[in-house]
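K.L.:
Right, I'll just put the structure down here and ask away after.
The values are calculated or read from the model by the stated rules, or taken from the named source; none is laboratory data. Bear in mind that the values here come from a model prediction, so they are computed numbers and not experimental data. Please note: Cβ atoms are built from the backbone with ideal geometry, for glycine as well, and neighbour counts cover all protein chains shown. These area figures cover heavy atoms from the full protein model, side chains too; ligands, DNA and RNA do not enter into them. Shrake-Rupley method; radii C 1.70, N 1.55, O 1.52, S 1.80 Å.
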Amino acid sequence: MKGVMLRICPYAHLVDITHEIPPQNVPAAASMLQTFPAYFPPGTIHVVVVDPGVGSERRAVALETPQARFVGPDNGVFAPLWQAAQRSWPAHDLHAVALTAPRFWLPQVSATFHGRDIFAPVAAHLAQGVALAELGPALTTITTLPTADPLWEDATRLVGQVIAIDHFGNCITNITTTHLEQLGAPADLLVHLTEAEARNDGAALAPHASHPHTVQIYHTYADVVPGAALALVGSTGHLEIAVRNGNAHEVLHIQERSTIVVQTRQH
Amino acid sequence: MKGVMLRICPYAHLVDITHEIPPQNVPAAASMLQTFPAYFPPGTIHVVVVDPGVGSERRAVALETPQARFVGPDNGVFAPLWQAAQRSWPAHDLHAVALTAPRFWLPQVSATFHGRDIFAPVAAHLAQGVALAELGPALTTITTLPTADPLWEDATRLVGQVIAIDHFGNCITNITTTHLEQLGAPADLLVHLTEAEARNDGAALAPHASHPHTVQIYHTYADVVPGAALALVGSTGHLEIAVRNGNAHEVLHIQERSTIVVQTRQH
Amino acid sequence: MKGVMLRICPYAHLVDITHEIPPQNVPAAASMLQTFPAYFPPGTIHVVVVDPGVGSERRAVALETPQARFVGPDNGVFAPLWQAAQRSWPAHDLHAVALTAPRFWLPQVSATFHGRDIFAPVAAHLAQGVALAELGPALTTITTLPTADPLWEDATRLVGQVIAIDHFGNCITNITTTHLEQLGAPADLLVHLTEAEARNDGAALAPHASHPHTVQIYHTYADVVPGAALALVGSTGHLEIAVRNGNAHEVLHIQERSTIVVQTRQH
């Protein structure tokens, strides 16, 4: 992909944001994708290749907001950021097109890697100054995702899930600052953990009665002693479960899609 | 390596192609290396550091074709691309030299990391405009590899092997489009899988009678239902074994060097 | 972090040195950090985000030597390179400041990711020409680490430990060329290995009576037969334990913090 982009746009500045989205996990990519564009230079072109439907009939799209541009599969990965954009900017500042003009693609398009054959060359042409409208017809809607939002059981209890596990073993949930503010002050909240029933490799879990099943929300890792479990709002605005100087994923047996419940403390 | 290159050539555009070649696996690197140069700008300098013989008597080389330049160990890693270049271009367009001129190296050369001490500075000097001929004497041949080609048992049966497993668990074989075309139309072919006898860690494999031992060749992942196994020609032109939305390496117990047989269907 | 830097300094050349420091391992990062700056262009700004104390009272610093600049947490990670700088250059060539001027940070600073919110923007402002002195008040000392140096039992016996395991499974120790020179010629030294008592996952180790517990120091991997264990001085000047064409970490059951003893041969 980088070679393809540099052939078209030799002075492109290429940055790898992440290669750690779990394979084929469109909701996780969609959630992560909301947090990055604000940190990049305006007009940055973000290319997304979480694309389990490659080679099928799923559409490819390019999007433009006053903040950034996006190129990738129309499989829902752009839905949350696009909905947020629609809340932030007037409709005439937002543009979406279907990628249908093959003159901006590689001459030969494989059935398995549109990242290289379609998205990369399209992004490079955008960087070279091609207008979004040249890439294909305007779209009025893009594909949405079944909601990945957490579920309110009642006004005091929110049921979310782990959407990603980072390099440190921190378990990032789909519960954000906005949700927590509706529940109350962090000191008034409890976070209940549900451990995975078995590891990926099918091995039985060691007994671990000593591990906490309920943790509190702190400001930062260093607010607890080394080895202790905690919840905190991470740098992307998502509630995460962590172990200070440790690996929450391993120690607490939490996995992707594990349930995490936040509840107002009973007084 | 990047620091060394930027000291010599401050405006070099550095791209990491892959860090996922299995350690010391020269044939896998050689096979992968054939597929990338066509996607990069002409004249790109590709540095290869799959170098199990570092510090021994193995030669270091730089190569030039009308498409690209290459710097690395003369251990066979360049053999397939060089043979392909010899089929594509006249001899006077191809140049190979041994790296023998220490003025293009770091002042101190370690016995264990020629990537940093020899290949990186040589590549940066090439990028700065140094001519290939200045790096050392011309070579008429470079080191070849014992063939990594698949074996024809007869005209209807080809025995290959897995040469790499990618980030998604897809198992990439040494069987290419060219081989498949000699066997017949994809719909007429069957792909037999041989699972590994034991995992790397020595653990016994779980029984898995339900897993297919023969799969068909499809056009893309989305042609089968999620969880199903398939074979397909991947984006580098190699036959690969995959599981839609899954990890073929784990699910099918296929590993590097596992045997994969493609056979014409009996009519 | 890269987006933040490019907003401030659009032409910054960004290089990832390593993402393989074990989480929260400040001594390992400190040891590695000594070896890189000499290979980069003078004035390069090195940003370090091994920062287990993020969000606590730990100070943030920027340092400048005639060779390079550094930005990161004042948790000891810079101590060895700063002590070496003090041995190499006069005091008036070395500058250290505490990062206290929020105008060089992001407007909102999270409690968990100062890499993005403080270190990255500070580094980019330095690259844009901001003087070190503008970032905050001068420091006369920075935080030191409990020594990570190996221990001399007597003049013939040095007890060190593994500080990192690389991509190939080579086990890198805190014993350097300088220590070895004090012990004697490599051919006169023996290296005793202590294997880990259990693997990270708690599984029992397979018996392995055939594995060597004492190895010799060689010049390079290719000095022994494939599969054999050896010690050698790696490309960063640290003694490492390796297996030719193999993975010493797995084969020899050596882990981070495993004890490695170098001893003069009895004559």
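K.L.:
With a cut-off of 8 Å between alpha carbons and a minimum separation of six or more residues, what is the relative contact order of the stretch C:40-186 in percent? Mind dumping the intermediate values first?
P.N.:
Numbers: 211 pairs, mean separation 30.3, N = 147.
So the answer I get is 21 percent.
K.L.:
Highest first, please rank the peptides B:253-259, A:19-25 by the mean number of other Cβ atoms sitting within 10 Å of their residues.
P.N.:
B:253-259, A:19-25
K.L.:
Show A:His249, B:His46 ordered by accessible area, largest first, where the area counts protein heavy atoms only and the probe is 1.4 Å.
P.N.:
From most accessible down to least: A:His249, B:His46.
K.L.:
Considering the convex hull of the alpha carbon atoms of chain A, report its projected area averaged over all viewing directions, in nm², one decimal.
P.N.:
Working: hull surface 66.2 nm².
Across all orientations, chain A yields a mean hull projection of 16.6 nm².
K.L.:
Within 10 Å of each Cβ of A:219-226, how many other protein chain Cβ atoms are there on average?
P.N.:
5
K.L.:
Within a 10 angstrom radius of each residue's Cβ in A:110-116, how many Cβ atoms of other chains show up on average? Whole number is fine.
P.N.:
What the average comes to for A:110-116 is 6.
K.L.:
So the label point sits 7 Å from Cα along the Cα-to-Cβ vector; using that for C:Trp152, what distances do you get to the other copies, in nanometres, sorted shortest first?
P.N.:
Going from nearest to farthest copy, the values are 7.0, 7.0 nm.
K.L.:
In Å², what does the accessible area per residue of the protein assembly as shown work out to with a 1.4 Å probe?
P.N.:
47 Å²
K.L.:
If you don't mind, there's one more thing I want to ask. Is there a simple number for the mean count of other chain Cβ atoms within 10 Å of the Cβ of residues in C:229-240, and what is it?
P.N.:
The shielding value for this peptide is 2.
K.L.:
Placing the label point 7 Å from Cα along the Cα-to-Cβ direction, what are the distances from A:Arg59 to the equivalent spots in the other copies, shortest first, in nm to one decimal?
P.N.:
In ascending order, 5.8, 5.8 nm.
K.L.:
Could you pull the copy-to-copy label distances for C:Ala138, with points set 7 Å along Cα to Cβ, in nm to one decimal and sorted shortest first?
P.N.:
Relative to the other copies, C:Ala138 has label-point distances of 6.2, 6.2 nm.
K.L.:
For the protein assembly as shown, what % of the accessible area comes from carbon and sulfur atoms, probe 1.4 Å?
P.N.:
Details: 19990 of 37350 Å².
Carbon and sulfur together cover 54 percent of it.
K.L.:
Over both sides of the C-B contact, add up the buried accessible area with a 1.4 Å probe and give it to the nearest 100 Å².
P.N.:
Buried area (both sides, nearest 100 Å²): 1700 Å².
K.L.:
Something else now. What residues in the stretch A:41-58 lose 40 Å² or more of accessible surface when the other protein chains are added to their chain alone (1.4 Å probe)?
P.N.:
A:Pro41, A:Pro52
K.L.:
Which percent, to the nearest 5, of DSSP beta bridges fully inside the stretch B:1-138 are antiparallel?
P.N.:
Around 75 percent antiparallel, to the nearest 5.
K.L.:
Taking Cα pairs under 8 Å and at least six residues apart, what relative contact order does chain B come out at, in percent?
P.N.:
Once normalised by length, the contact order is 17 percent.
K.L.:
Ok, one more. If DNA, RNA and ligands are ignored and the probe is 1.4 Å, what is the ranking of C:Met1, A:Met32 by accessible area, most exposed first?
P.N.:
From most accessible down to least: C:Met1, A:Met32.
K.L.:
Could you please state, rounded to a whole Å, how far the C-alpha centre of the stretch C:1-60 is from the C-alpha centre of the stretch A:38-94?
P.N.:
31 Å
K.L.:
Taking the full set of protein chains and a 1.4 angstrom probe, give the accessible area of B:Glu250 in square angstrom, rounded to the nearest 10.
P.N.:
For B:Glu250, the solvent-accessible surface is approximately 120 Å².
K.L.:
222 nm [θ] for the protein assembly as shown, helices only, -39500 (n - 2.57) per DSSP H run of 4+, per residue, to 500?
P.N.:
After summing the helix terms and dividing by the residues of the protein assembly as shown, the value is -4000 deg cm²/dmol.
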